[in-house]
Amino acid sequence: MRVYVPLTLSGLAEAYRTGELGAGPFVAYAVTPGLREWYLSDDIEELEYAALSRAALASLRLIAADPDAVRRRVVLAVDVPDGKAVADPDRGLEPGALGEVRVDGAVALARAAAVHVDAGDAEADVSAAADALGAADQGDDDARFVVDGAEDHELLWFATQEIPQLVGAGE
């Protein structure tokens, strides 16, 4: 099963240093039944993009919580064995939990398929979005517009072999 793990650049650097993602369980995003029902598509590529987008929003939340984090969203695409990532059936259709799964235990970084990271020119919009996230969550339309500004930036795709260069820029 492909899961999308929200990180920051410092979180990616830590995974690179240790060779694994967390001690688990940790939150990731995947094509879940709830996400399928919400997105209304049978196209697996579109569904995976939706899961990646959910993970990018979760990465923004990590950035908002860490004032020292580099203002670039990071999502790691990882393949885990079936059953290692489980959606909460009671929260499947909650807007905040769409596509959310819990990954049980640590996952070797070697299982990563790709890394998705904002380009440097997204940093100003990501920073503004991180600052506006709380107000957007409270229903402020202007703040929601600012958060959407970060979502307008497509995450760039990087091969896992490029992780050393990515974390060197984020340390």
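Can you tell me the length gained on complete extension of the stretch Asp88 to Ala159, counting 0.36 nm per residue apart and subtracting the Cα distance?
Numbers: separation 71, 0.36 × 71 = 25.56 nm, distance 3.05 nm.
Gain on stretching Asp88 to Ala159: 22.5 nm.
Would you tally the net charge around Glu123, using a Cβ to Cβ cut-off of less than 9 Å, leaving Glu123 out, and scoring K and R as +1, D and E as -1?
-1
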So what is the accessible area of the chain per residue, in Å², with the probe set to 1.4 Å?
51
Could you give the dipole magnitude of the stretch 77-171 about its Cα centre, charging the beta-carbon of Lys and Arg +1 and that of Asp and Glu -1, in debye to the nearest 20?
600
Per the helix-only model, the chain has a calculated mean residue ellipticity at 222 nm (DSSP H runs of ≥4, -39500 (n - 2.57) each, divided over all residues, rounded to the nearest 500) of -13500 deg cm²/dmol
Accessible carbon and sulfur surface of the chain relative to its total accessible area, %, 1.4 Å
51
Collect residues whose amide H, placed 1.01 Å from N in the peptide plane, falls under 5 Å from the amide H of Thr32; neighbours closer than 5 in sequence don't count.
Gly99
GNM result for the chain, Cα springs below 10 Å: residue of Ala28, Ala58, Ala132 fluctuating most strongly
Ala132
When the dipole is taken about the Cα centre of the chain, and only Lys, Arg (+1) and Asp, Glu (-1) are charged at their Cβ, what size is it in debye, to the nearest 20?
660
Tell me, what HN-Hα J-couplings in whole Hz come from the Karplus equation 6.51 cos²θ - 1.76 cosθ + 1.60 at θ = phi - 60° for each residue of the stretch 133-141, using x for Gly and Pro?
4, x, 5, 4, 5, 8, x, 6, 5
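The values are calculated or read from the model by the stated rules, or taken from the named source; none is laboratory data. What you are looking at is a predicted structure, and each value in this text was computed from that prediction instead of being measured. Please note: Cβ atoms are built from the backbone with ideal geometry, for glycine as well, and neighbour counts cover all protein chains shown. All accessible areas refer to the heavy atoms of the entire protein, side chains included, with ligands and DNA or RNA removed. Shrake-Rupley method; radii C 1.70, N 1.55, O 1.52, S 1.80 Å.
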